[in-house]
Amino acid sequence: MNLISKLPDVGTTIFTIMSQMATDYNAINLSQGYPDYDPPLALKERLNWHVNNGHNQYAPLAGVAALREQCAWKVQEYYGSEADWDTEVTITPGATEAIYCAITAIVRPGDEVIMFDPVYDCYDPAVRLSGGVPIHLELCIPEYSIDWEAVEGAIGPKSKVIIINFPHNPTGVIMSDDDMTRLEAIAVKYDLFVISDEVYEHFVFDGQKHKSVLSRPKLARRSFAIFSFGKSFHATGWKTGYVVAPELLTKELRAVHQFVTFVAFTPVQFALADYMASNPEHLQSLPSFYEKKRDMFCTALKGSRFTIKPSKGTFFQLADYSRIADIPDTAFVEYLTKEVGVAAIPVSVFYDDSEHQNSRIIRFCFCKEDLTLVRAAQSLAAL
């Protein structure tokens, strides 16, 4: 057979590799972003109830109405966005599927899609599968900020979409009001669509607030805003997310979604709807919950040879190891896992080229039990 791969340079993701390595070497897994604690008990009880009371068949294409209503209420409460739950909210099997469907819905062969390195790994392949051309722009270190002049300079006649991800994985930076103003002006001026990956929306620290594209009407009219229940409810294995977009964009997204997975997992949708309605304080508590974990981890590493600047958002923390070793980050995380017993992610894998292995920056995940973080930090501080 003469098979030509559509993604010849794509192998097993670094997250799978490092998690497997953590298992193989019995290391504390601070690499892949999932908690080592369960979702709230009341949420699990509602899932069990719906499984045992007949909610086990296909949900509607767009998702269970009660959950979409809760999503519309939430974006109104947090961002002042009056999304129509029926025509502008879609439940998906995770945010990654939502991102894929949004890209597939609007990107055609030759269209250019701007994204920012270090970039989450699912954007580029999805663009290429649609025949689009990824345009990688680098965030400006050490603050990992967007150079808006460079963005405008990269826009040409084939530019179609800007993908943003804030709070940002892997760096933990957040958008400022000025960033949002610049994004809005550029998107409107050049008639660009925006895909906004906001899965860490509730993990913003130090009294700051998340800046959503939904809070700006001119941006909201041309954007897919993508969110994750799995992140917000400590249930990443449930693979459930949602998209808020204007009716025209939602129609195109659903046209793709119905031929990718068709629907999301039914009983989880009912359970989430119940829990969101009865426990609104859960989302309100998340910033302080994760800020305490960030502070605990960073404080425990304060006397170490790692250089730490506390994350502004997400549940990820960058660390500079240049005072410990002068080897590429891919080699350093392998050493950490095998010899120190702590798994992390090399930040170079989030770049379009490999030269950033020289940056000596790795990413730790702190959505772990306090004891897990203390044990990991003790091992890291001994280096």
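The values are calculated or read from the model by the stated rules, or taken from the named source; none is laboratory data. The shown structure was predicted, so the numbers you read here are calculated from the model rather than taken from an experiment. Glycine gets a Cβ as well: all are built from the backbone with ideal geometry, and neighbour counts include every protein chain shown.
Can you list residue pairs whose Cβ atoms sit under 8 Å apart, with the first residue in the stretch 1-25 being farther than 15 Å from Arg363 by Cα and the second being of a type in the set (A, V, I, L, M, F, W, C) and part of a helix (DSSP H, G or I)? Count only pairs 6 or more apart in sequence or on different chains.
Lys6/Leu129; Leu7/Leu129
Select from the stretch 341-368 the residues that are farther than 18 Å from Gly313 by Cα and charged (D, E, K, R) and write down the one among them that is surrounded by the most Cβ atoms within 10 Å (Cβ to Cβ).
Per the criteria, the residue is Arg360.
Considering only the stretch 65-88, how many residues are over 15 Å from Glu201 (Cβ atoms), buried (at least 22 other Cβ atoms within 10 Å of the Cβ) and hydrophobic (A, V, I, L, M, F, W, C)?
Counting residues in the stretch 65-88 that are over 15 Å from Glu201 (Cβ atoms), buried (at least 22 other Cβ atoms within 10 Å of the Cβ) and hydrophobic (A, V, I, L, M, F, W, C) gives 1.
Return the pairs, sorted by first residue and then second, in which the second residue is loosely packed, with under 14 Cβ neighbours inside 10 Å, the first residue lies in the stretch 32-59 and is part of a helix (DSSP H, G or I), the beta carbons are less than 9 Å apart, and the residues are 6+ apart or on different chains.
Matching pairs, first to second residue: Ala42/Ser278; Lys44/Asp38; Arg46/Ser278; His50/Asn56.
Tell me the residue from Ile91, Ile103, Ile135, Ile99 that is free of Cβ contacts under 8 Å to residues at least 60 places away in the same chain and crowded, with 19+ Cβ neighbours inside 10 Å, please.
Numbers: Ile91 fails: free of Cβ contacts under 8 Å to residues at least 60 places away in the same chain; Ile103 fails: free of Cβ contacts under 8 Å to residues at least 60 places away in the same chain; Ile99 fails: free of Cβ contacts under 8 Å to residues at least 60 places away in the same chain.
None of the others qualify; the one that does is Ile135.
Please go through the stretch 342-383 and pick out each residue that is more than 16 Å from Ser322 (Cβ to Cβ), in a loop (DSSP other than H, G, I, E, B) and among the aliphatic types (A, V, I, L, M).
Ala382
Would you mind stating whether Ser288 is touching a helix residue (DSSP H, G or I) at 6+ places or on another chain (Cβ under 6 Å), within 22 Å of Thr372 (Cβ to Cβ) and modelled with pLDDT of 95 or more?
Numbers: touching a helix residue (DSSP H, G or I) at 6+ places or on another chain (Cβ under 6 Å): no; within 22 Å of Thr372 (Cβ to Cβ): yes; modelled with pLDDT of 95 or more: yes.
For Ser288, the condition - touching a helix residue (DSSP H, G or I) at 6+ places or on another chain (Cβ under 6 Å), within 22 Å of Thr372 (Cβ to Cβ) and modelled with pLDDT of 95 or more - is not met.
Quick test of your reading of the structure: Thr314 fulfils all but one of (1) farther than 21 Å from Tyr78 by Cβ; (2) crowded, with 17+ Cβ neighbours inside 10 Å. Name the failing condition by number.
All conditions pass for Thr314, except number (1).
Restricting attention to the stretch 349-360, does a residue exist that is of a type outside the set (Asp, Glu), touching an Asp or Glu at 6+ places or on another chain (Cβ under 9 Å) and more than 24 Å from Cys140 (Cα to Cα)? Spell out the reasoning first.
Residues of the stretch 349-360 of a type outside the set (Asp, Glu): 349-351, 354, 356-360.
Checking which are touching an Asp or Glu at 6+ places or on another chain (Cβ under 9 Å) leaves us with 349-351, 356-360.
Still in the list and also more than 24 Å from Cys140 (Cα to Cα): none.
Within the stretch 349-360 (the criterion being of a type outside the set (Asp, Glu), touching an Asp or Glu at 6+ places or on another chain (Cβ under 9 Å) and more than 24 Å from Cys140 (Cα to Cα)), the answer is no, since none of the residues qualifies.
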